[in-house]
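Take a look at the structure set out below.
The values are calculated or read from the model by the stated rules, or taken from the named source; none is laboratory data. On a predicted model such as this, the values are computed, not experimentally measured, just so you know. Using ideal geometry, Cβ is built from the backbone for each residue, glycine included, and neighbour counts are taken over all protein chains shown. Surface areas here come from the heavy atoms of the whole protein model, side chains and all, with no ligands, DNA or RNA. Shrake-Rupley method; radii C 1.70, N 1.55, O 1.52, S 1.80 Å.
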Amino acid sequence: MKEALGLLAVWSIVLSGIALLVGVALIKRGNRVAHHRAMLTATVLAALFLVFYLAKWALHGTTAYGGPEAWRGAYYFVLLTHTLLAALNGPLALYVIWRAFRGEFSLHKRWAKVLVPVWLYVALTGWLIYWVLQRYGTETGTIAF
Ligand code: HEM
């Protein structure tokens with residue numbers, strides 16, 4: 001169950017990053033309808049990531065870093081920035097989508113240019129953290145960092 005939830009979480013965040021890139025490519029070609037669909041797909045996948053991640057956290061607690069000491073600082077830097085930016089990504093995505101639905105495309109574009117790199121960073125580091133913990137993770141059995 002724990003492995004399945006971890007896999008579902010990492011795949012949903014990686015696929016949401018891919019849908020995001022597809023959505024950016026589509027709007028660059030002027031395909032508004034397909035852009036709209038790709039971005040809503042990316043948003044649903046990111047919401048699924050949150051569900052799987054929180055389910056894993058609630059049922060199995062956290063996994064602590066148990067790898068080489070030389071990498072500990074870098075690992076916690078990535079984990080902290082990933083967590084903070086993931087928390088920012090949700091409200092920012094809702095704001096950007098809301099502006100698009102209201103037809104306020106200059107605000108939509110301005111904030112989308114902040115959102116896209118944040119989203120890609122969260123997706124990439126989500127995969128990186130998963131990979132590091134698969135190799136070097138140690139069970140804590142508790143719900144804490
Ligand atoms: C999280 C979701 C979304 C993100 C990250 C996003 C991202 C972007 C980006 C980066 C651009 C500017 C591309 C460029 O000119 O370089 C853009 C433009 C645009 N987006 Fe989105 N978008 C999202 C959702 C939506 C939705 C739901 C709609 C439709 C309701 C939409 C409609 C548009 C339109 C029509 C433009 C072109 C505006 C113009 O050129 O005046 N977007 N979007």
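In table form, for the structure just shown:
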item	result
So Ile13, is it near the ligand (Cβ under 10 Å from one of its atoms), of a type in the set (Val, Ile, Thr) and open to solvent by less than 50 Å² (accessible area, probe 1.4 Å)	no
Residue match in the stretch 95-109 (condition: open to solvent by less than 70 Å² (accessible area, probe 1.4 Å) and more than 16 Å from the ligand (Cβ to nearest atom))	no
Candidate set: the stretch 110-145, residues that are within 13 Å of the ligand (Cβ to nearest atom) and within 23 Å of Ala58 (Cβ to Cβ); chosen: the one surrounded by the fewest Cβ atoms within 10 Å (Cβ to Cβ)	Val122
Among residues of the stretch 63-101, those that are in contact with a strand residue (DSSP E or B) (Cβ under 9 Å, 6 or more places away or on another chain) and not in a helix (DSSP H, G or I), counted	5
Where Val96 falls short, out of the listed (1) at pLDDT 95 or above; (2) closer than 16 Å to Ile13 by Cα; (3) among the β-branched types (Val, Ile, Thr)	(2)
Tally, over the stretch 25-53, of residues that are within 19 Å of Trp127 (Cβ to Cβ) and either near the ligand (Cβ under 10 Å from one of its atoms) or open to solvent by less than 80 Å² (accessible area, probe 1.4 Å) (or both)	9
Any hit, the stretch 68-82, residues being over 20 Å from Thr140 (Cβ atoms), within 16 Å of the ligand (Cβ to nearest atom) and in contact (Cβ under 8 Å) with a residue 24 or more places away in the chain	no
